[in-house]
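What follows is one structure encoded as structure tokens, with my remarks underneath.
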Amino acid sequence: MRYSILVNGNRRSVEGAADTPLLWVLRDELHLVGTKFGCGIGLCGACTVHLNGAPTRACVTPISGIGEASIVTIEGIGESEWGRKVKEAWLALDVMQCGYCQAGQVMAATALLVRNPTPSDGDIDEAMSSIICRCCTYTRIRAAIKRAAGLQAPETLEGEL
Amino acid sequence: MSARHVAGTPSGTDAPGLRISRRTFLATGLAAGGGLLLTLKFAGRTFADDAGVAAYISIAPDGIVTIVAKNPEIGQGMKTTLPMLIADELGVEWKNVRVRQAMLDPIYPGQFAGGSLGTPLNWIPMQRVGAAGRQLLLAAAAHTWGVPVSQCEASAGVVRHRSSGRTLTYGALAGKAAALPAPDLDSVTLKRPSEYTIIGKFTGGVDSPAILEGAAVFGIDVTVAEMSYAVYEKSPVFGGRVVRANIEEIKKLPGIRDAFIVRGIDAEAPIKMGLVDGVAIVADKWWDADQARRKLRIDWSHQAVSDQSTQAFERRAAQLAQSAPRSIIRRDGDVDAALARAPKVLEASYAYPFLAHATLEPQNCTAHVTDGGAEIWAPTQDPRAGATLVARTLGIDAGKIRVHMMRAGGAFGRRAYNDYMVEAAMISKRAGRAIKLLWDRTQDIQHDAYRPGGFHYFKAGLDAAGRPVAFRDHFVTFGHDGRLAATAELPRDHFPAGYIPNLEYGQTLIELNAPTGWMRNPGGNALAFAFESFLDELAHAGGRDPLALRLDLYGPPRVFAPPPARRGMKIPPFDTGRVRGVLELVAQKSDWHRRTALPAGTGMGLAFYYSHFGYVAEVVKAGLSREGTPKVHKIWAAVDIGRQIINPAGAYNQAQGAILDGLGQALHMAVTFENGRVVQRNFDTYHLLRINESPPVEVHFLRSDNDPTGLGEPPLPPVLPALCNALFAATGKRIRTLPIDARMLRAGET
């Protein structure tokens with residue numbers, strides 16, 4: 001089947017079986033490899049993209065179900081105001097270790113801040129606990145979200161650096 | 001208690017260590033456009049890579065400096081750290097540095113990531129490379145001006161003649177420096193720490209911007225010309241052989257190019273992470289290949305091992321504990337006599353599970369095997385071992401295998417094994433084309449080199465003052481054909497050996513048919529929990545402060561003679577003064593001495609562990625949540641890895657990450673076996689720590705006057721016992737089995 005989808009503001013024509021997950025269309029057809037494969041069943045969040053602004057697991061979203069929804073990936077998230085702020089905070093605190101999950105983290109964090117520009121620790125836990133970081137950079141992820149939001153960063157980072 | 005963790009390095013390789021071999025010399029060369037190459041020369045060959053970049057440093061006429069990171073990047077920041085060491089000594093500004101990842105090349109020493117050795121092995125050699133470059137540029141400037149070198153100084157990419165104030169940029173000097181002979185690395189003078197401009201400064205990872213653009217290329221992201229995708233199905237029971245499979249049916253499925261049976265060639269392969277039997281499917285799209293894999297019907301021959309199970313291991317261990325150990329690891333004094341005399345005797349049994357690494361990037365490799373050799377793109381910790389394995393298995397000359405070291409989405413020891421590399425190479429050879437092999441999560445969890453589980457049966461006697469005078473551990477561990485399984489050992493010098501006069505470590509093996517291997521802090525990630533928890537039991541039983549008991553056991557500051565140098569690296573001596581230093585620091589930072597003032601239901605626990613030359617003491621403050629599950633309020637760590645933190649950006653992140661990794665192991669992680677196979681299939685059954693369970697982690701570095709050592713592993717072990725000791729302080733319930741079963745904390749026996 002041929003599908004026409006809207007990715008990072010560009011209309012793209014892709015070929016694939018109806019049940020092909022969006023993840024593999026992005027990675028192997030469109031070579032947008034910033035969106036990562038981690039578990040294939042929507043449990044780790046490495047494949048998180050935005051579908052009409054909502055954080056969505058691309059590994060369990062079939063291409064046939066996308067329709068006219070606007071897809072934004074890590075390659076395009078910096079075009080938005082919150083995406084840019086989140087990426088700046090991520091760089092300023094050097095959140096990354098191996099970096100493999102961080103596209104998913106940035107996508108989830110951006111969606112959180114769009115919805116809630118002043119998140120509490122509880123809000124961050126709720127929005128971000130679906131994205132696994134195997135290197136456990138959680139201390140910095142929390143601090144970077146607060147920095148992007150212009151909130152006081154947690155003491156642990158301030159005290160250490 | 002010597003540096004036993006040097007053993008945790010890829011010993012299966014012939015990594016030559018860090019000293020550049022006697023037949024390899026530093027050399028200069030002229031870069032295209034008139035720049036300087038500071039490179040290596042071996043057997044008459046002056047090294048430059050495909051793009052003409054030198055082994056270590058290339059300086060372009062415009063002053064842009066390209067520095068090569070020779071080691072693989074697996075998330076510990078070596079691709080940033082090693083170039084920082086070169087750049088600081090070279091005397092350039094970090095903003096003018098570009099970093100390029102090396103390929104595997106025999107000209108480089110020690111191209112691996114493991115054993116927390118990146119820093120101790122490279123700290124001096126990389127600085128010397130940079131200093132040699134600075135020396136060349138100083139000489140070129142002095143020659144240009146006709147002044148003595150001693151009147152010149154270099155910094156920020158500029159050489160300055162002190163008295164006249166004349167300056168020349170490195171870019172302008174590069175062509176001239178290229179014609180000078182390279183200095184002997186041993187002769188160069190290094191900066192004083194007060195002169196550092198990059199070392200010690202918060203420096204973001206060199207790939208971080210690309211990662212945030214989705215542009216960094218991990219192994220899984222590699223695309224090469226004419227590439228197909230491959231999947232590989234192996235026996236769920238380790239070592240199972242393919243009897244037959246529905247190959248012809250699979251070949252007819254949409255998008256499938258080829259399907260075939262691959263034969264493992266080595267009977268030891270299932271244990272040693274080599275090529276094992278399986279069915280390969282090659283397709284134009286990975287999704288098609290993986291869908292076809294789900295339609296595979298394979299008959300496996302499993303031999304006699306398909307009854308292997310965790311429950312049987314547990315029954316067997318309990319049985320074996322009734323008898324004397326099969327072998328004695330160490331015996332000091334007379335434990336039986338001392339136990340008979342001791343006013344107080346304690347017994348306890350501890351157990352911990354097998355663990356899978358679960359790197360978030362599943363195992364993958366891209367390979368193109370041709371008549372002339374092989375080109376491989378792999379996220380690997382030990383590319384040399386991988387090339388050796390491919391050469392041996394496929395019968396290719398190792399010299400004709402080119403390995404690109406791709407950024408790895410986590411490794412933790414998993415990618416010290418190259419099973420996925422040899423699979424990719426064999427599939428490429430059989431398919432006659434370039435392929436990218438990618439495992440799914442279930443395959444990744446079910447085909448690992450597991451952290452081995454283990455059982456400890458402790459017995460100890462205290463004297464009237466609460467000091468341990470007798471200590472026994474019957475360690476029931478795992479082996480294969482009577483030989484200890486990889487990383488399943490209890491080292492004979494493991495603490496408290498040497499600190500208690502009557503001590504016995506004995507060992508008995510349970511037969512295991514599964515691969516085991518290095519996992520972040522091999523040995524320590526398991527042994528610390530058992531030993532440091534039991535030590536806490538002894539402290540409480542003897543009425544001693546757990547901190548005071550440890551200080552008492554380690555005694556006054558003493559420095560033990562180190563073992564001989566290994567891999568060209570001087571082994572640092574073990575220093576009880578450094579133990580004391582971190583114990584006292586963590587106690588001070590965590591307010592340990594006021595812990596009795598904590599509210600009811602909240603407690604503090606402490607632990608110390610020495611590993612990979614690092615000294616780490618940690619305190620956990622914890623209690624129970626409203627739901628009755630462990631709730632960690634905060635963690636403090638005091639870390640002594642020497643006088644210099646090379647990159648604070650990476651260092652605090654590593655320490656916090658390793659500690660939270662250990663917390664995840666304590667709370668969740670376990671691999672179990674049933675009917676010979678691994679039960680866990682994905683993150684619904686193999687749980688990893690998430691942000692809502694992550695407490696603040698406060699890390700303090702104690703800058704003792706010692707050469708810097710590694711940090712990826714040392715902070716991990718102490719958190720497991722520190723947490724369990726805190727939960728005991730909070731609830732009175734002692735955790736002796738991991739992962740923590742919250743029901744044990746709410747009720748039942750203590």
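The values are calculated or read from the model by the stated rules, or taken from the named source; none is laboratory data. Predicted model only: the values in this text are computed from it and were never measured. Glycine gets a Cβ as well: all are built from the backbone with ideal geometry, and neighbour counts include every protein chain shown.
Take region B:204-251 and flag every residue that is within 28 Å of the chain's Cα centre (by Cα) and among the basic types (Lys, Arg). Hit for region B:204-251 is B:234, nothing else. You will find that of B:251, B:295, the residue that is surrounded by fewer than 18 Cβ atoms within 10 Å (Cβ to Cβ), under 24 Å from residue B:678 (Cβ atoms) and either away from every other protein chain (no Cβ under 14 Å) or touching a residue at least 12 places away in the same chain (Cβ under 8 Å) (or both) is B:295 and no other. In a residue-by-residue description of region B:472-485, the property of being of a type in the set (Lys, Arg), out of contact with any helix residue (DSSP H, G or I) (no Cβ under 9 Å at 6 or more places or on another chain), surrounded by fewer than 22 Cβ atoms within 10 Å (Cβ to Cβ) and more than 14 Å from chain A (Cβ to nearest Cβ) applies to at least one position. Being under 31 Å from the mean Cα position of the chain (by Cα), in contact (Cβ under 8 Å) with a residue 12 or more places away in the chain, over 30 Å from residue A:83 (Cβ atoms) and part of a strand (DSSP E or B), is that true of even one residue in region B:180-199? Within region B:180-199, none of the residues are under 31 Å from the mean Cα position of the chain (by Cα), in contact (Cβ under 8 Å) with a residue 12 or more places away in the chain, over 30 Å from residue A:83 (Cβ atoms) and part of a strand (DSSP E or B).
Any residue at all in region B:663-671 that's within 9 Å of chain A (Cβ to nearest Cβ), closer than 16 Å to residue B:721 by Cβ and either touching a residue at least 24 places away in the same chain (Cβ under 8 Å) or aromatic (Phe, Trp, Tyr) (or both)? Looking for residues that are within 9 Å of chain A (Cβ to nearest Cβ), closer than 16 Å to residue B:721 by Cβ and either touching a residue at least 24 places away in the same chain (Cβ under 8 Å) or aromatic (Phe, Trp, Tyr) (or both), one finds at least one in region B:663-671, hence yes.
Once region B:209-226 is narrowed to residues that are surrounded by fewer than 20 Cβ atoms within 10 Å (Cβ to Cβ) and facing chain A (nearest Cβ under 8 Å), the residue that is nearest to residue A:103 (Cα to Cα) is B:213.
Here no strands (runs of 3 or more DSSP E) wholly within region B:602-646 include at least 2 residues being farther than 26 Å from residue B:115 by Cβ and modelled with pLDDT under 95. Among the residues of region B:488-510, is there at least one that is under 25 Å from residue B:272 (Cβ atoms), in a loop (DSSP other than H, G, I, E, B) and without any contact (Cβ under 8 Å) to a residue 40 or more places away in the chain? Looking through region B:488-510, at least one residue is under 25 Å from residue B:272 (Cβ atoms), in a loop (DSSP other than H, G, I, E, B) and without any contact (Cβ under 8 Å) to a residue 40 or more places away in the chain. How many residues, within region B:506-538, are surrounded by fewer than 23 Cβ atoms within 10 Å (Cβ to Cβ) and hydroxyl-bearing (Ser, Thr, Tyr)? So the answer is 1.
Could you check, for region A:106-129, whether at least one of its residues is in contact with a strand residue (DSSP E or B) (Cβ under 8 Å, 6 or more places away or on another chain), β-branched (Val, Ile, Thr) and more than 9 Å from chain B (Cβ to nearest Cβ)? Scanning region A:106-129 turns up at least one residue that is in contact with a strand residue (DSSP E or B) (Cβ under 8 Å, 6 or more places away or on another chain), β-branched (Val, Ile, Thr) and more than 9 Å from chain B (Cβ to nearest Cβ). For region B:678-700, which positions are at the interface with chain A (Cβ under 7 Å from one of its Cβ atoms), of a type in the set (A, V, I, L, M) and not in a loop (DSSP other than H, G, I, E, B)? B:691, B:697, B:699 - these are the residues of region B:678-700 that are at the interface with chain A (Cβ under 7 Å from one of its Cβ atoms), of a type in the set (A, V, I, L, M) and not in a loop (DSSP other than H, G, I, E, B).
Across region A:62-83, the qualifying residues are those that are over 16 Å from the mean Cα position of the chain (by Cα) and aliphatic (A, V, I, L, M), and the one among them that is nearest to the other protein chains (Cβ to nearest Cβ) is A:63. Here the strands (runs of 3 or more DSSP E) wholly within region B:1-107 that include at least 2 residues being modelled with pLDDT under 95 and touching a Pro at 6+ places or on another chain (Cβ under 9 Å) are B:24-31, B:35-42. So for region B:328-339 (the condition being at pLDDT 95 or above, crowded, with 18+ Cβ neighbours inside 10 Å, outside the structural domain of residue B:486 (by TED's automatic domain parsing) and touching a Lys or Arg at 6+ places or on another chain (Cβ under 8 Å)), does at least one residue qualify? The answer is no, given that none of the residues of region B:328-339 is at pLDDT 95 or above, crowded, with 18+ Cβ neighbours inside 10 Å, outside the structural domain of residue B:486 (by TED's automatic domain parsing) and touching a Lys or Arg at 6+ places or on another chain (Cβ under 8 Å). Any residue that is polar (S, T, N, Q), within 14 Å of chain A (Cβ to nearest Cβ) and part of a loop (DSSP other than H, G, I, E, B) - is there at least one of those in region B:228-239? Scanning region B:228-239, I find no residue that is polar (S, T, N, Q), within 14 Å of chain A (Cβ to nearest Cβ) and part of a loop (DSSP other than H, G, I, E, B), so the answer is no. Quick one: in region A:84-113, of everything that is surrounded by fewer than 17 Cβ atoms within 10 Å (Cβ to Cβ) and touching a residue at least 40 places away in the same chain (Cβ under 8 Å), which residue is farthest from the chain's Cα centre (by Cα)? Among residues in region A:84-113 that are surrounded by fewer than 17 Cβ atoms within 10 Å (Cβ to Cβ) and touching a residue at least 40 places away in the same chain (Cβ under 8 Å), the one farthest from the chain's Cα centre (by Cα) is A:92. Test residue B:644 against the stated conditions and say whether it is within 13 Å of chain A (Cβ to nearest Cβ) and not acidic (Asp, Glu). Considered against the rule, which asks whether it is within 13 Å of chain A (Cβ to nearest Cβ) and not acidic (Asp, Glu), residue B:644 comes out as no. Counting only residues that are over 15 Å from residue B:218 (Cβ atoms) and either within 7 Å of another protein chain (Cβ to nearest Cβ) or of a type in the set (S, T, N, Q) (or both), region A:84-104 holds 4 of them.
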